Amino acid sequence: MVLAVMALIGAEVMFFGGLISAFYILRAGSFSWPPIGQPRLPIAVTGINTLILFGSAVTMRLGVRAAKRKRRVAVTRWLLATLILGSIFLAIQGSEWIRLIQYRLTVKSSLYGALFYTIVGAHAVHVAGAIGALLFVTCSASRGRYSDSDHDGLTACSLFWQFVVLLWGVIYAMVYLG
Amino acid sequence: MSQAAVISHAAYAEHAEALGFWRKYVFSTDHKTIGKQYLGISLFMAIAGGFTAYAIRWQLAWPAAGIPGLGAITPHAYNSLVTMHGSIMVFWVAMPMLLGAFGNFCIPLMLGADDMAFPRLNMLSVWIFFTSALVLLASFVAPGGAAASGWTAYTPLSDTWTSAVWGQTMWLFAVALEFASFLIGGINFLTTAFTRRCAGMTLWRMPLLVWDEIAASVLFLLSVGPLVAGAVMLLMDRLLGTGFYDPSKGGDPLLWEHLFWFFGHPEVYVVALPGFGIMLEIMPVFARKPIFGYRTIIYSTIVAVGLSLIVWAHHMFVSGMDPRLATPFSVTTILISVPFAIIVFAMIATLWGGSLIFDTPMLFVIGGLASFIVGGVTGIFLGSAASDIYLHGTYFVVAHFHYTLFPVTFFGGYAGIYYWYPKMFGRMMDERLGKLHFWLTFVFFQATFIPLFLAGIGGTPRRVFMPSAYPSFASLQPLQVMATVATIGLIASQIPLVVNFFSSMFRGALAGRNPWRANTLEWTVDSPPPHGNFPDPPVARRWPYDYSVPGAASDWLPQVAETNPPAGIKVQRAS
Ligand SMILES: [Cu+2]
């Protein structure tokens, strides 16, 4: 299971690598960035949101550690915390999208908008998928699934979660700050 | 989890007898059934691919005559035929045959496992694949016709300009589903090879086919991502009106070519490596000799996988990319022929001095190897930017890539079918029909593509609907006619295979466990193997290529054999 998730992550890295290189190639060929009349990306709010997501990586880690120490209640509690932080991240992202659309940044308004929504949207889909997997794992954990020696599913889920968090760090640095 | 899986699997095996028709043959999680399903779909799609080949060739030989069975066609329909021919043959014939069929059937058996690591995901992958084939076939009758921008779907041809509004979008969805299927399959192959090997089956005792299937899967996983990213952007261009590839909106059509060929070149190896794996697996059995340079072949394969990720722009020498990029990509392209040359030499050295048995599987292996060498050597002229600029737009390219892909897909695939058919269905295929099939296929294949090399050197442009549009090439038209006649012969040559395939299922001689006296683990169980494969977990005690070991009682020592040859004789070159 862990190996399968690692292989999946390998393919995902190449997928986002493709998107991000498209971002740089198209940006290099454009006259001004962001194009005239298009809003700048909300660096500060998203920065705080990034910290929230990084926090979820820590709670995830603590959840795995609690499972290794066979603390059933603590596992569930840390996983729930991770779930909540991940959902807050998605909610803030969503509200930022709504604000950006009000500032007339859409997929059709410019390549800038198209790239932004494609890359950030693809990441959001991954966060949503990771939340789905985590929901499943949390339910299993609350039934005591991972407090014995077998935490394969939990480890795999945590691995994917850490990947999604780390990936966001890269996207924030390259798309928002870069 | 693993313990639970073992218990549930044991329970499953007990109920295997009770499974109804649907669970046993249609919605099966058994890797052997899934392998056969992939084989069946790929052979069916090969008929569609063969029909498009016939229509294309007829149009090129006798453009005024109208295609029997299809009538006169428009230039757009011709482009659709070419597009669908390439797409079908690569994605819906070569991949399911070489990866889907033989990967699924052979990997667990060769590793001594009871099934894949994720049997239900495996079933999901074949059903996603089946759906993708349906979507693709449906696009033939879509309003506006099937996709017409080539199997490479170059932008801007594939962007909003195409008149195949539905067809191009369906093509994209079909390819996306196909990728999802092989992504799941690849992850499954990889996980199986690393977690399900039986006792004693070290990595350095794995049969070369398993190595090649794994290498191909890893390469597919690494190369497909950027193309999926590109396809998402293309789909957004088509459906949402973005302009990623539209220069009038600031986009860049060359971006697609980079993303496509980053995948497209490795894709050739995704197909070629399992084809080699099949050849490498069959060769020692019919030469009664150990494989030559087992580890060298594996290292060369790994080097080829790595290099294949940095050669893609050799497809773009004439696309208008920065000419300064041409030199580095020429160099990497010429370099990548080195590991393949090593593998080919290892194959020849394996055959050298062996007591060759020319049964049908071996004939296809040797015929495939000989043809592939022609493909490899002609590739050198295309890898070098200087000569490619002259040859790139001509039939030379068409002949070249058919000389690489046809041998691995069809010669390799057919070799695999004749070789593993007894294990799949419990009966032997007919040797006389098999040999007839080989010789007809081999001769007509050469007769189809040698004229096209000549037409290409003469300068005949490819991708042209009406050859008479260029009166300067009228003197080369007889070459086109020759190729077409041979293509029709090549398609007719497949009749013996069809007859053989179905009649042997009922009338073939019973195969027994090990008709070829081969060493790998699949030959130690019944044909066809029962659900769960091995009654008792096997133990691998040696590498799979101990043939004609000096001092041994027989000229083959199965991987499970305990007897050791007399002291002082070095047997296991690897492990
Ligand atoms: Cu290439």
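Throughout, read-outs are computed from the coordinates displayed, never taken from laboratory work. Just so it is clear, the structure is predicted and the values come from calculations on it, not from any experiment. Here the Cβ positions follow ideal geometry from the backbone for every residue, glycine too, while neighbour counts run over all protein chains shown.
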Under 16 Å from the Cα of residue B:289 - lysines, other chains or at least 8 residues apart: B:570
FRET efficiency, residue A:73 to residue B:194 (Cβ-Cβ, R0 45 Å, nearest 0.05): 0.85
Pairwise label distance in nanometres, residue B:268 with residue B:526, each label 7 Å out on the Cα-Cβ vector: 4.6 nm
Dipole of segment A:2-177, positive end: most advanced residue of A:67, A:37, A:98 [Cβ charges, Cα centre]: A:67
Cα gyration tensor shape for segment B:123-186, rounded if a/c is under 1.5, else prolate or oblate: oblate
Ranked A:14, B:116, criterion: other C-beta atoms within 10 Å, fewest first: A:14, B:116
Residue among B:94, B:424, B:248 farthest towards the positive dipole end of chain B, charges placed on Cβ: B:424
Exposed chymotrypsin sites (Phe, Trp or Tyr not before Pro) absent - longest run of chain B, DSSP non-H/G/I/E/B, at most 12 other C-beta within 10 Å: B:359-575
Eligible lysines near residue B:24 by straight Cα distance, threshold 20 Å, same-chain separation 8 or greater: B:32, B:36, B:423
Ellipticity estimate at 222 nm from DSSP helix runs (n ≥ 4, -39,500 (n - 2.57)) divided over chain B, nearest 500: -20500 deg cm²/dmol
Cα gyration tensor shape of the protein assembly as shown, rounded if a/c is under 1.5, else prolate or oblate by comparing a/b with b/c: oblate
Amide H within-cut-off set for residue B:427, under 5 Å, with H built and near neighbours excluded: B:511
Qualifying trypsin sites (Lys or Arg not before Pro) in segment B:419-467, DSSP loop, other Cβ atoms within 10 Å at most 15: B:463
Segment A:154-178 residues near the modelled residue A:24 label - backbone nitrogen below 16 Å, point 7 Å along Cα→Cβ: A:170-178
Förster radius 30 Å - calculated FRET efficiency between residue B:481 and residue B:331 (Cβ-Cβ, nearest 0.05): 0.15
Centroid-to-centroid separation of segment B:54-112 and segment B:479-511 [C-alpha atoms, Å]: 16 Å
Centroid-to-centroid separation of segment B:242-321 and segment B:187-202 [C-alpha atoms, Å]: 24 Å
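So between residue B:510 and residue B:140, what do we pick up on full extension, going 0.36 nm a residue minus the alpha carbon distance?
Length gained, residue B:510 through residue B:140: 129.0 nm.
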In degrees, nearest ten, helix B:477-492 long axis to first principal axis of chain B (Cα): 30 degrees
Hypothetical label at residue A:32: residues of segment A:96-129 whose amide nitrogen lies under 16 Å (7 Å Cα-Cβ projection): A:110-113
Folded to 0 to 90 degrees: helix B:2-15 orientation relative to chain B principal axis, Cα: 80 degrees
Dipole-positive endmost among B:350, B:233, B:448 within chain B (Cβ charges, Cα centre): B:350
Nearest-0.05 FRET efficiency for residue B:161 and residue A:136, computed from C-beta distance (R0 51 Å): 0.70
222 nm mean residue ellipticity, helices alone, for chain A (DSSP H n ≥ 4; -39,500 (n - 2.57); rounded to 500): -27500 deg cm²/dmol
Qualifying trypsin sites (Lys or Arg not before Pro) in segment B:501-555, DSSP loop, other Cβ atoms within 10 Å at most 16: B:513, B:517
Estimated inter-spin distance, residue A:87 and residue B:27, nm [label 7 Å along Cα→Cβ]: 3.3 nm
Cα-based helix-to-principal-axis angle, B:495-507 vs chain B, degrees rounded to 10: 30 degrees
Whether segment A:1-79 is rounded, prolate or oblate, judged on the alpha carbon gyration tensor where a/c under 1.5 counts as rounded: oblate
